[in-house]
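Asks: Would you mind keeping the following structure in view while I ask a few things?
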Amino acid sequence: CLLKMVKGNIIVPEEILNFCCNGLQGSTSPPRAQEPGEQEEAPGAMASPSPAPNPTEVQMSQLVLPCHTNHRNELSTGQLLKWIDTAACLSAERHAGCPCVTASMDDIYFEHTISVGQVVNIKAKVNRAFNSSMEVGIQVSYEDLCSGKHCSICKAYATFVAQGPSGSKVRLKPLTPQTEEEKIEYSIAAERRRMRLVHKDTLKDLLTHSPPDTELETRDGSGAVPAEKTRVESVELVLPPHANHQGNTFGGQIMAWMENVATIAASRLCHAHPTLRTIEMFHFRGPSQVGDRLVLKAIVNNAFKNSMEVGVSAEAYGQEMSISRRHINSAFMTFEVLDQEGRPRTLPMVAPEPGDGERRYREASARKKIRLDRKYVVSCKRTEVPLSVPWDQSNKVYLSYNNVSALKTLIAKANWALAREKEKVRMYTLEEDKFLSFRIEMSVCIPASRAFSLLSNLRRRHEWDSHYVSAELVQKVDDDDMIYHVVSRMLRHESKPQDFVILASRRKPCSRGDPYVVAFRSVTLPTHPARAEFTRGETLCSGFCIWPESEEMSKVAYYNQATPGYLNYVTTNVAGLSSDICVTFEACEKFLLKNKEDLISRLQDF
């Protein structure tokens with residue numbers, strides 16, 4: 001503007017021209033006049049440091065245009081999947097420093113739809129890096145520019161693999177979490193990875209223990225729709241616009257194509273426009289390139305009262321039809337049909353085809369149970385989790401996950417306050433979410449692996465914990481999960497002793513620097529109902545965390561989120577009116593040292 005004024009023969013004071021030119025060159029502005037009563041900042045004074053931003057965090061904002069929407073002027077789920085995959089990939093590549101490909105996408109639950117004119121905000125960041133794969137957490141929300149309203153849409157977890165030249169895997173550098181939220185996600189990422197790896201076994205185990213369907217269910221006397229009538233097959237030619245920056249077919253594009261054929265299959269059953277509610281675990285089994293033909297297949301596997309599951313797969317082949325097709329991806333999508341009031345409509349039932357159709361029909365029922373377990377056991381907030389959850393063979397993986405992740409979340413909290421210190425024993429408290437939790441810790445001269453082995457065996461706890469009378473091993477679920485029936489001593493002012501049914505889940509370190517973890521929570525078993533001679537007690541979240549400090553030293557910490565029946569005992573110890581907890585933990589140290597020496601003696605005798 002100043003240059004235009006000069007050219008137009010408008011006189012500009014020299015001081016203004018010099019100041020503006022210096023400002024363009026990066027110089028600082030002239031000193032500001034000091035206000036009355038304002039103190040001059042001391043030389044060298046610095047503002048308090050703020051947490052460094054996560055270097056892997058990527059934020060994306062997209063305005064929803066008519067070209068992004070479906071017939072209801074709502075954002076197409078396929079388009080949303082493209083944006084999610086793009087943001088997640090950019091975050092993964094920020095950490096890896098090299099090209100990354102999508103390996104899988106965990107369950108996605110869509111809470112709301114997004115209308116044209118609204119803004120989609122996506123935030124993605126790497127939660128944890130393993131050897132050559134990493135977990136990326138994605139949060140999606142929408143913003144209404146007119147009202148200023150913000151609302152959550154979904155939360156997703158994607159796994160990406162770093163690739164070097166010629167598709168070789170790249171070993172990733174470790175990720176160091178900074179904030180409390182990042183530490184929680186980092187710690188629980190190992191549990192989510194464990195759950196992904198056993199997903200197929202969980203489904204197979206559930207089908208093995210489930211009775212076969214004897215007849216096809218019908219409602220209101222209506223006949224079932226043959227599943228074959230919902231079958232869809234479509235082919236897509238992979239063109240350069242469909243490829244990512246590595247020349248492979250963009251994972252988000254494949255997911256969008258799969259969502260398209262799944263929607264068509266669902267529409268053929270209900271003769272209406274369905275709404276996608278859930279996507280279950282996309283698994284990318286191999287790449288495809290520009291020039292490939294992608295065959296997308298979809299069929300309704302099963303229809304429940306208000307929802308239906310559609311199975312969809314993607315296969316690739318080149319120009320030569322003689323070459324066998326490559327299985328690229330598969331997923332399962334759950335749809336609903338909403339009425340004018342936004343309520344789910346009742347759907348017609350499906351008659352599966354003999355053979356594979358019947359298998360898919362049964363597997364869809366099993367997957368529905370698994371989805372409910374994951375949603376209400378794994379995803380619910382701590383304040384919504386019942387103290388004792390019914391345990392059965394089908395939900396064992398998710399109860400174990402919930403058990404360990406709840407303890408890891410408690411461990412990662414940052415606001416622990418030192419309440420008492422007695423010699424080597426330190427006691428901390430944490431007050432939040434209507435819960436009082438305590439942590440008690442000390443350093444012990446014992447290898448962490450040995451302490452982990454001793455403390456994870458509840459049958460030996462009575463040797464150091466005077467509150468335990470006995471602990472009977474009821475069921476060995478697997479090498480890492482056990483269920484015990486525990487009987488405790490009668491506390492003061494109690495008329496009878498307490499008993500507990502406890503799931504003990506233990507985890508060895510996933511990578512260097514991780515602790516050993518032993519988590520406890522209450523479950524219910526039909527074989528062990530509450531009995532008249534005991535008061536049934538419950539524990540929501542408790543357990544041990546053991547950090548190796550050296551080859552011979554360990555820091556042992558016990559955590560407990562106090563339940564109402566245990567609260568008075570905890571507050572009495574926190575207030576200093578009793579030293580029972582500290583004395584018990586000192587007895588734990590003696591137990592560990594004694595059994596360490598016994599082990600050394602046996603090794604020397606051997």
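The values are calculated or read from the model by the stated rules, or taken from the named source; none is laboratory data. Quick caveat, the model's predicted, so the values are computed rather than measured. Reconstructed Cβ throughout: ideal geometry from the backbone, glycine too, with neighbour counts over all protein chains shown. For the accessible areas, the whole protein counts, side chains as well, though only heavy atoms, and no ligand, DNA or RNA atoms are used. Shrake-Rupley method; radii C 1.70, N 1.55, O 1.52, S 1.80 Å.
Asks: Taking the solvent-accessible surface of protein heavy atoms with a 1.4 Å probe, what is the per residue accessible area of segment 386-595 in Å²?
Replies: 44 Å²
Asks: Quick one: compute the contact order of segment 61-117, relative version, from alpha carbon pairs under 8 angstrom and 6+ residues apart, as a percent.
Replies: Once normalised by length, the contact order is 51 percent.
Asks: Under a point-charge model restricted to the Cβ atoms of Lys and Arg (+1) and Asp and Glu (-1), what is the dipole moment magnitude of segment 386-595 relative to its Cα centre, in debye to the nearest 20?
Replies: 80 debye
Asks: Arranged from highest to lowest average of other beta-carbon atoms within 10 Å per residue, in what order do the peptides 571-581, 507-517, 153-163, 336-346 appear?
Replies: Packing proxy ranking, top to bottom: 153-163, 507-517, 571-581, 336-346.
Asks: Let me have the relative contact order for segment 386-595, percent, based on Cα pairs under 8 Å that are six or more residues apart.
Replies: With pairs under 8 Å counted, the relative contact order is 25 percent.
Asks: Then there's this: From the cross-link list LYS413/LYS594; LYS200/LYS396; LYS200/LYS229, which pairs have alpha carbons spaced over 24 Å apart?
Replies: LYS413/LYS594; LYS200/LYS229
Asks: What's the local net charge at LYS125, with K and R +1, D and E -1, over the other residues with C-beta under 11 Å away?
Replies: For residues surrounding LYS125, the net value is -2.
Asks: Could you tally the net charge around GLU353, taking each other residue with its Cβ under 12 Å from the Cβ of GLU353, Lys/Arg +1 and Asp/Glu -1?
Replies: Taking every other residue near GLU353 into account, the sum is +1.
Asks: Compare the peptides 128-136, 585-593 by average per-residue count of other Cβ atoms within 10 angstrom and give them in order, highest first.
Replies: 128-136, 585-593
Asks: Based on the alpha-carbon gyration tensor of segment 386-595, what equivalent-ellipsoid semi-axes (square roots of 5 times the eigenvalues) come out, in whole Å, largest first?
Replies: Sorted largest first and rounded, they come to 24, 21, 17 Å.
Asks: Moving to a separate point now. Rank by packing, highest mean first: peptides 473-480, 293-300, with packing defined as the count of other Cβ atoms within 10 Å averaged across residues.
Replies: 293-300, 473-480
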